[in-house]
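Structure first, commentary second.
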Amino acid sequence: MFSSEHLKGLTPFLATADAGSFTKAAERLHLSSSAVSKSVARLEERLGVRLFQRSTRRLTLSDAGRAYYATCKRVLQELADAENVLGDHAAELAGQVRIGVPAAYGRLRVMPALIGLCEKYPRLQPAIAFSDRFVDLFEERIDIAVRIGAPSHWPAALGQMQLGDEQLILCAAPAYLARRGTPASIADLDGHDCIAYGRGDGSPMPWLFPDGDKGGQLEYRLASPRMTVGDAEARTAAVLAGLGVAQLATWLVEDCLATGAIVAVLPELATPGLPLYLAWPLARQLTPKTGTLLQELRQRLTIS
């Protein structure tokens with residue numbers, strides 16, 4: 001059974017790991033070097049492992065020590081978060097929160113929202129991970145994730161909140177259209193340079209367009225694209241350079257559209273893209289911090 005005895009030695013151990021020596025740790029803790037050394041030795045004896053590799057000049061964490069250090073830091077952070085929830089500032093966003101975001105969308109849309117939240121809540125400490133894969137929120141200890149697209153199966157322990165659907169539009173640079181003309185129909189696209197999104201093997205993904213009155217979508221397959229690019233921001237750069245026409249999400253080119261650096265082509269062919277979601281482990285919604293942050297992100301990221 002876990003008891004208070006298990007907590008003894010954690011502070012000297014963590015201070016020693018951070019400082020790299022018993023002497024420096026003792027100075028920080030206002031203890032004697034001998035007291036810190038004996039405390040760590042007792043902890044090692046109880047755990048049955050060596051937490052440090054000792055040399056005459058410096059202490060370094062062993063493999064077991066690094067794993068134990070990471071766990072202790074996480075547990076102490078969670079205890080600090082619990083105190084924030086129960087303290088006078090329970091209604092305020094405070095402490096560390098791990099947020100997972102898609103790469104391009106995270107940089108262009110989520111980061112401005114989080115910067116605004118940091119200004120509003122000075123004690124908030126977001127730790128932001130950028131990845132286009134569907135990360136395992138439990139394995140990687142993510143508190144809240146922003147996702148583009150829905151997984152084939154939502155785990156029962158995972159909450160979800162849809163922010164809307166991205167909107168896909170055809171667009172090009174004015175210089176390209178001045179040089180090659182503006183397409184007036186889908187058929188005209190066959191005579192234009194097209195910039196495609198590519199899979200890992202380099203094969204282009206088809207463009208999706210609304211299918212008239214049928215309510216579905218039709219696929220426009222790019223037989224010989226001018227360029228195939230597997231990154232959203234890189235495709236935008238190719239469009240800005242005047243290399244051709246691309247189908248891009250409006251969140252990606254919103255600023256370029258506002259300045260006129262990119263213009264919409266065949267706007268009647270605008271079509272919904274992938275859905276955007278907030279996802280989180282349901283157990284974490286019980287804390288005011290996570291619940292408040294979910295509502296703040298929902299207000300700032302919802303697509304109208």
Residues being over 30 Å from H153 (Cα atoms), in a strand (DSSP E or B) and either of a type outside the set (G, A, S) or modelled with pLDDT under 95 (or both) - total across the stretch 243-276: 3
Positions within the stretch 95-108 being within 20 Å of Y277 (Cα to Cα), of a type outside the set (V, I, T) and either touching a Cys at 6+ places or on another chain (Cβ under 7 Å) or open to solvent by less than 50 Å² (accessible area, probe 1.4 Å) (or both), in sequence order: G100, P102, A103, A104, Y105, G106
Near pairs, Cβ below 8 angstrom, 6+ apart or cross-chain, from the stretch 1-18 (part of a loop (DSSP other than H, G, I, E, B) and basic (K, R)) to any residue that is at pLDDT 85 or above and surrounded by 21 or more Cβ atoms within 10 Å (Cβ to Cβ): K8/S39
Candidate set from the stretch 73-94 (those that are buried (at least 17 other Cβ atoms within 10 Å of the Cβ) and modelled with pLDDT of 75 or more); member that is farthest from E45 (Cα to Cα): L93
Condition broken by D143, with the remaining ones in (1) open to solvent by 90 Å² or more (accessible area, probe 1.4 Å); (2) farther than 23 Å from V265 by Cβ satisfied: (1)
All positions within the stretch 116-132 that are open to solvent by 90 Å² or more (accessible area, probe 1.4 Å), assigned to a helix (DSSP H, G or I) and over 14 Å from K289 (Cβ atoms): E119
Hits in the stretch 58-69 - residues which are at pLDDT below 85 and open to solvent by less than 70 Å² (accessible area, probe 1.4 Å): L59
Tally, over the stretch 252-275, of residues that are surrounded by 17 or more Cβ atoms within 10 Å (Cβ to Cβ) and closer than 21 Å to G230 by Cα: 6
Scan of the stretch 133-170 for residues that are over 29 Å from A196 (Cβ atoms) and either among the charged types (D, E, K, R) or not in a loop (DSSP other than H, G, I, E, B) (or both), ordered by number: D136, E139, E140, R141, D143, I144, L158, G159, Q160, M161
Complete set of residues in the stretch 211-242 that are closer than 20 Å to A103 by Cβ and either in a strand (DSSP E or B) or of a type in the set (S, T, N, Q) (or both): M227, T228, V229, T236
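Matching residues to (1) farther than 21 Å from P183 by Cα; (2) among the small types (G, A, S); (3) open to solvent by less than 50 Å² (accessible area, probe 1.4 Å); (4) free of Cβ contacts under 8 Å to residues at least 12 places away in the same chain:
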site: L222; (1), (2), (3), (4): no, no, yes, no
site: T228; (1), (2), (3), (4): no, no, no, no
site: V239; (1), (2), (3), (4): no, no, yes, no
site: G242; (1), (2), (3), (4): no, yes, yes, no
site: T250; (1), (2), (3), (4): no, no, yes, no
site: Y277; (1), (2), (3), (4): yes, no, yes, no
site: G291; (1), (2), (3), (4): yes, yes, yes, yes
site: R298; (1), (2), (3), (4): yes, no, no, no
site: T302; (1), (2), (3), (4): yes, no, no, no
L208 being touching a residue at least 12 places away in the same chain (Cβ under 8 Å), surrounded by 19 or more Cβ atoms within 10 Å (Cβ to Cβ), part of a strand (DSSP E or B) and among the aliphatic types (A, V, I, L, M): no
Residue list for the stretch 277-291, filter: out of contact with any helix residue (DSSP H, G or I) (no Cβ under 7 Å at 6 or more places or on another chain) and modelled with pLDDT of 85 or more: Y277, A279, P281
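Just wondering, is there one or more residues in the stretch 32-54 that are at pLDDT below 85 and open to solvent by 50 Å² or more (accessible area, probe 1.4 Å)?
Initially, the stretch 32-54 is screened for residues at pLDDT below 85, giving 54.
Remaining after also requiring open to solvent by 50 Å² or more (accessible area, probe 1.4 Å): 54.
Yes, the conditions are met somewhere in the stretch 32-54.
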Members of the stretch 170-190 found to be open to solvent by less than 50 Å² (accessible area, probe 1.4 Å) and either farther than 21 Å from A264 by Cβ or free of Cβ contacts under 8 Å to residues at least 12 places away in the same chain (or both), listed by number: G181
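The values are calculated or read from the model by the stated rules, or taken from the named source; none is laboratory data. Note that the structure is a prediction, hence the values are computed from the model and not measured. For neighbour counting, all protein chains shown are included, and Cβ atoms are generated from backbone atoms with ideal geometry for every residue, glycine included. Calculation scope for accessible area: heavy atoms of the full protein, side chains included, ligands and nucleic acids excluded. Shrake-Rupley method; radii C 1.70, N 1.55, O 1.52, S 1.80 Å.
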